[in-house]
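This report concerns only the one structure given below.
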Amino acid sequence: METLIFDLDAKPLREVNQFLHGDASGLNGKAFVIENPNGAHSIAVGLKSDIHVTVKGHAGYYAAGMNQIAKVTIEGSAGSGVAENMMSGMVHVKGFASNAAGATANGGLLVIDGDAGLRTAIALKGADVVVGGSVGSFSAFMAQAGNFVILGDAGEGLGDSIYEAKIFVRGKVKSLGADCEEKTMNPEDRKILADLLAKSGHAGVNPDSFKQYGSARTLYHFHVDNAGAY
Amino acid sequence: MSEQQPKIPQTKPRFSATFDESTMSEIRRAAATGIYDIRGAGAKRKVPHFDDLLFLGASVSRYPLEGYREKCATDVVLGARFAKKPIHLKTPVTIAGMSFGSLSANAKEALGRGASAAGTSTTTGDGGMTQEERGHSSILVYQYLPSRYGMNPDDLRKADAIEVVIGQGAKPGGGGMLLGQKITKRVAKMRCLPEGIDQRSSCRHPDWTGPDDLEIKIAEIREITDWEKPIYVKIGATRPYFDVALAVKAGADVVVLDGMQGGTAATQEVFIEHVGIPILAAIRPAVQALQDLGMHRKVQLIVSGGIRNGADVAKALALGADAVAIGTAALIALGDNDPHLEEEYQKLGTTAGAYDDWHEGRDPAGITTQDPELMKRLDPVKAGHRLANYLAVMTMEAQVIARACGKSHLHNLEPEDLVALTLEASAMAKVPLAGTNWIPGVTGF
Ligand SMILES: Cc1cc2nc3c(=O)[nH]c(=O)nc-3n(C[C@H](O)[C@H](O)[C@H](O)COP(=O)(O)O)c2cc1C
């Protein structure tokens, strides 16, 4: 596979992103390496073709934001909003991720090997998010759809006001948010979990060691008896 | 013989100004249901507004322009600060963001048709971009909202401009609402929600907090769209000086400022009537912020909230705005609250002109509904034509006033062309009380 190297010390990010937005027919199947990212924001955002971009170091905010089809690997840590609003493809953070990782992501797979910060998978809209470590408070707030796997612990208010997203946690949950409750894992959900573990490099981990959480659906309609819960 | 009692005069039954009819009926409703009142439209009580300002036409000391012969230009360019492809409008009257979901697909199409005919833009809303709207709007602004319902990069690239919504005048600090009746299959799918639920959308963006983050967010959207499209930032009017300054610092090309009279699809009545300030009070501080940063006319200011006619447009521009946006007025032009539907409004327990239960989705005019039968009542071609007419009238009215003030472009109108009828308006708009040189808080009496 042909690999092109971009050095952010030498080339402005704007040009790199613009190049990566080029015509898919010319880009598909190619691999790119971004050197010296040094925490720059918006690295590899808005990709839309079948390419693999490897970031050699730490990325700032919104790395791989709105990703479509492409695979992005960040060999360091990622700032806030990594893979925000991703539509498809895959984003792999080998280090830690800051707040709002995978926010509002609609599709694709976000894998974070380390821990992730506050509000991970907030307003998730259909993507899969797998965190190897623990996640901070208010994760999966208002998560609408998709699957969220946490191999470590979860902070306070997990899944507050959640809609139809599914959460799987292997460690401890500090507290659940409003309208989030523990569910019994049915065979279909177990399969979803097992597949995600396999795809994210955790093939050896037993799905039965997880607990599943989801919406109690008591806040789906405004009702006077729920006033205290909003 | 019985002695005749002198007749004691009776005091006429007197209603309270404080506990008026509407207040009492709301207390009874609240007591019966235990839940706050939700409705559409903007603040209904009287607040200082453009009606409290007057233009000083030309006379001996000023020179007017000939009404039908001399040119008075109305075009406006938005977003030339950073965007490679700024927006060019023929009239400074734009259509405000109103979601598909709150409005029917036919209503969205009609807005697109009317605005395109008039050479102006429409704006999506909290629910994503529909084909109807993109297809019929020659210039479409795509909203980037806290909920991010329907947000996707393909639509971002299809948009002509992007509007990051921080707040709305009807509910600064509040999120969207769409009740179950309007969450049909199509709306649910676009928003990725279960059908028929009462949707509450978040009031804060999920992946940024504060002005420093906003700057990074705007830069991200620019990177995704290769710096082509103007980026607007929309705020509800509360602390306009600081909010406008921060939006400019964060890199906005255009600031949209919405006053408390601004309409909404569905919000708590208490929110609509008691949070935020009138647009009249917000424009001068916003313009001051732009001037202090050397950005007036470089970052454009679009104002909204209760704009109804060409006089309102001219006054907003004279106070320093570059363009205006209309929501409620555009819906009325399409056919909302029309007296010919009185019988049906009566059945809904209201009357033409006062109908505001837009969240219930039973709009007899087929505008604020998702009911396929009701929706069919709105002919998008005819309604679009009415909107185009109305936009043309507003533009011509603004020109009439500008020419009378001797201006060859609407943007040449200035605060010096205005006086105020009331002390409040004088203080808020910072123009003198009519017949005096007095501006409370600025000049001595
Ligand atoms: C039916 C309706 C739906 C609206 N939906 C949105 C929306 O989705 N996003 C938004 O920023 N503002 C929304 N607004 C507010 C308008 O964009 C605009 O700020 C307001 O209508 C301007 O005031 P006016 O109605 O007095 O002209 C909506 C307003 C109405 C009437």
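Ignoring everything except DSSP H segments at least 4 long, calculate the 222 nm mean residue ellipticity for the protein assembly as shown; use -39,500 (n - 2.57) per segment, divide by total residues, nearest 500.
Working: 18 runs with 175 residues, N = 675.
Counting only the DSSP helices, I get -7500 deg cm²/dmol.
How big is the convex hull of the Cα atoms of segment B:50-429, per residue, in Å³? Let's see the in-between values first.
On the way: hull volume 50.7 nm³, N = 380.
That works out to 134 Å³ per residue.
If you take every residue apart from A:Leu47 with its C-beta less than 14 Å away from the C-beta of A:Leu47, what net charge results, scoring Lys and Arg +1 and Asp and Glu -1? It would help to have the intermediate numbers written out before the result.
On the way: positive: A:Lys30, A:Lys48, A:Lys71, B:Arg157; negative: A:Asp23, A:Asp50, A:Glu84, B:Asp154, B:Glu220, B:Glu223, B:Asp226.
Net charge in that neighbourhood comes out at -3.
What is the Cα centroid distance between segment B:158-196 and segment A:30-65, reported in whole angstrom?
31 Å
So for the protein assembly as shown: antiparallel DSSP bridges make up what percent, rounded to the nearest 5?
Counting DSSP beta bridges with both partners in the protein assembly as shown, the antiparallel share is about 20 percent.
Over the protein assembly as shown, one equal point on each Cα, no solvent: what is log10 I(q)/I(0) by the Debye formula at q = 0.07 Å⁻¹?
Debye curve over Cα of the protein assembly as shown, log10 I(q)/I(0) at q = 0.07 Å⁻¹: -0.50.
Using a 10 Å cut-off on Cβ to Cβ distances, tally the other chain neighbours for every residue of B:205-213 and report the average as a whole number.
Across the residues of B:205-213, the mean count of other-chain Cβ atoms within 10 Å is 6.
Within 10 Å of each Cβ in peptide B:217-229, how many partner chain Cβ atoms are there on average? Round it to a whole number, please. Intermediate values should be presented prior to the final figure.
Working: counts 8, 0, 7, 14, 6, 4, 15, 11, 4, 5, 3, 0, 0.
Taking the mean over all residues of the peptide, I get 6.
Given the C-alpha centroids of segment B:398-445 and segment A:167-227, what is the distance between them in whole angstrom?
61 Å
Within 10 Å of each candidate Cβ there may be at most 10 other Cβ atoms; applying that plus a DSSP loop requirement, which GluC sites (Glu not before Pro) in segment A:1-49 survive? Could the numbers behind the result be given before it?
Values: sites: A:Glu2, A:Glu15, A:Glu35; in loops: A:Glu2.
Passing sites in segment A:1-49 are A:Glu2.
Where is the GNM fluctuation largest for chain A (alpha-carbon springs, 10 angstrom cutoff): A:Asp179, A:Asp195, A:Asp113?
Ranking A:Asp179, A:Asp195, A:Asp113 by mean-square fluctuation puts A:Asp195 first.
At each listed q (0.11, 0.18, 0.19 Å⁻¹), what is the log10 of I(q)/I(0) that the Debye formula gives for segment A:1-132 modelled as equal alpha-carbon point scatterers?
-0.31, -0.84, -0.94
Quick one: Karplus J couplings for segment B:424-431, per residue in order, coefficients 6.51, -1.76, 1.60, θ = phi - 60°, nearest Hz, x for Gly and Pro?
4, 5, 4, 5, 6, 8, 6, 10
How large is ³J(HN,Hα), in whole Hz, for each residue of segment B:361-375 in order, when computed from phi with the Karplus curve 6.51 cos²θ - 1.76 cosθ + 1.60 and θ = phi - 60°, using x for Gly and Pro?
x, 10, 4, x, 7, x, 9, 9, 8, 10, 6, x, 6, 5, 4
Highest mean first, what order results for B:337-343, A:114-120, B:22-28 on Cβ atoms within 10 Å? Each step should come with its number before you reach the end.
Values: B:337-343: 14.4, A:114-120: 23.7, B:22-28: 11.3.
Highest to lowest by the protection proxy: A:114-120, B:337-343, B:22-28.
Would you mind telling me which residue in A:Val135, A:Val53, A:Val33 has the biggest mean-square fluctuation in a Gaussian network model of chain A, where springs connect alpha carbons within a distance under 10 angstrom?
Maximum fluctuation in the GNM of chain A, among the listed residues, is at A:Val33.
Before I look further, what does chain A give for accessible area per residue, probe 1.4 Å, in whole square angstrom? Walk me through the numbers before you get to the answer.
Values: 8680 Å² over 230 residues.
With the other protein chains kept in place, chain A gives 38 Å² per residue.
Quick one: how many lysine pairs in chain A have C-alpha atoms under 17 angstrom apart, if they're 8 or more apart or on different chains?
22
Only bridges with both residues in segment B:50-429 count here: give the DSSP antiparallel percent, nearest 5.
Details: 9 of 39 bridges.
Given both bridge residues lie in segment B:50-429, the antiparallel proportion sits at roughly 25 percent.
In percent, what relative contact order does chain B have, based on Cα pairs under 8 Å that are 6 or more apart in sequence?
Details: 1008 pairs, mean separation 102.1, N = 445.
Contact order relative to length: 23 percent.
Around B:Gln199, under 12 Å between beta carbons, what's the net of Lys plus Arg minus Asp minus Glu among the other residues? Before the final figure, lay out the partial values.
Working: positive: B:Lys182, B:Arg191, B:Arg200; negative: B:Asp126, B:Glu195, B:Asp198.
Charge balance in the 12 Å sphere: 0.
Can you give me the long-range amide H partners of B:Ile183? Hydrogens built in the peptide plane at 1.01 Å from N, cutoff under 5 Å, separation of 5 or more residues or another chain.
Here B:Gly196 satisfy the definition.
I need the phi-derived Karplus couplings for segment A:199-213: 6.51 cos²θ - 1.76 cosθ + 1.60, θ = phi - 60°, integer Hz, Gly and Pro marked x.
Rounded to whole hertz, the list is 5, 9, x, 10, 4, x, 7, 7, x, 6, 7, 9, 10, 10, 10.
If you place +1 on the Cβ of every Lys and Arg, -1 on the Cβ of every Asp and Glu, and leave all else neutral, what size is the dipole of the protein assembly as shown about its Cα centre, to the nearest 20 Debye? Don't skip to the end; give the middle numbers.
On the way: 69 positive and 77 negative charges, 101 e Å.
Computed about the Cα centre, the dipole is about 480 debye.
Could you tell me which helices of chain B pass both thresholds, a Cα extent of 30 Å or more along their own axis and a mean Kyte-Doolittle hydropathy of at least -0.5, with helices taken as whole DSSP H runs? Intermediate results must be reported in sequence, preceding the final value.
Values: long enough: B:380-404 (36 Å, 0.35).
The answer, listed by residue number, is B:380-404.
Between B:Leu140, B:Val270, B:Thr91, whose Cα lies farthest towards the positive end of the dipole of the protein assembly as shown when Lys and Arg beta carbons carry +1 and Asp and Glu beta carbons carry -1, centred on the Cα centre?
Farthest along the dipole direction, towards plus: B:Thr91.
About its Cα centre, how strong a charge dipole does segment A:3-229 have in debye, to the nearest 20, once Lys and Arg get +1 and Asp and Glu get -1 at the Cβ? Walk me through the numbers before you get to the answer.
On the way: 19 positive and 23 negative charges, 41 e Å.
For segment A:3-229, the charge dipole is close to 200 debye.
Please enumerate, by chain and number, the lysines with C-alpha under 30 Å from the C-alpha of B:Lys12, excluding those fewer than 8 residues away in the same chain.
B:Lys44, B:Lys46
When Cβ neighbours within 10 Å are restricted to other protein chains, what is their mean count per residue of peptide B:331-339?
Details: counts 0, 0, 0, 0, 0, 0, 0, 0, 0.
Counting Cβ atoms of other protein chains within 10 Å of each residue's Cβ and averaging gives 0.
Which of B:Asn437, B:Gly306, B:Ala281 sits farthest toward the positive end of the charge dipole of the protein assembly as shown, with +1 on the Cβ of Lys and Arg and -1 on the Cβ of Asp and Glu?
Value computed over the given set: B:Asn437.
Segment B:209-270: Rg/Rh from Cα coordinates, Kirkwood Rh?
Values: Rg = 13.5 Å, Rh = 12.9 Å.
In segment B:209-270, Rg relative to Rh is 1.05.
Report the charge-dipole magnitude of chain B in Debye, nearest 20, computed about the Cα centre from +1 at each Lys and Arg Cβ and -1 at each Asp and Glu Cβ.
Values: 50 positive and 53 negative charges, 75 e Å.
Result for chain B is approximately 360 debye, rounded to the nearest 20.
Along each of the three principal axes of the Cα atoms of segment B:1-133, give the extent in whole Å, ordering the values from largest to smallest.
Here the Cα extents, ordered largest to smallest, are 98, 56, 27 Å.
Which listed residue (B:Ala427, B:Tyr390, B:Pro153) has the Cα farthest towards the positive end of the charge dipole for segment B:50-429, taking +1 on Lys and Arg C-beta and -1 on Asp and Glu C-beta about the Cα centre?
B:Pro153
For Cα pairs less than 8 Å apart in space and 6+ apart in sequence, what is the mean separation divided by the residue count of segment A:123-195, i.e. the relative contact order in percent?
27 percent
What ratio of Cα Rg to 2.2 N^0.38 Å holds for segment A:3-229? Write out the running numbers ahead of the final one.
Values: Rg = 17.8 Å, N = 227, 2.2 N^0.38 = 17.3 Å.
Relative to the rule-of-thumb radius for its length, segment A:3-229 sits at 1.03.
The values are calculated or read from the model by the stated rules, or taken from the named source; none is laboratory data. Please read these numbers as outputs of a predicted model, since none were measured by experiment. Virtual Cβ from ideal backbone geometry, glycine too; neighbours counted across all protein chains shown. Please note that ligands, DNA and RNA were not included when accessible areas were found on the heavy atoms of the full protein model with its side chains. Shrake-Rupley method; radii C 1.70, N 1.55, O 1.52, S 1.80 Å.
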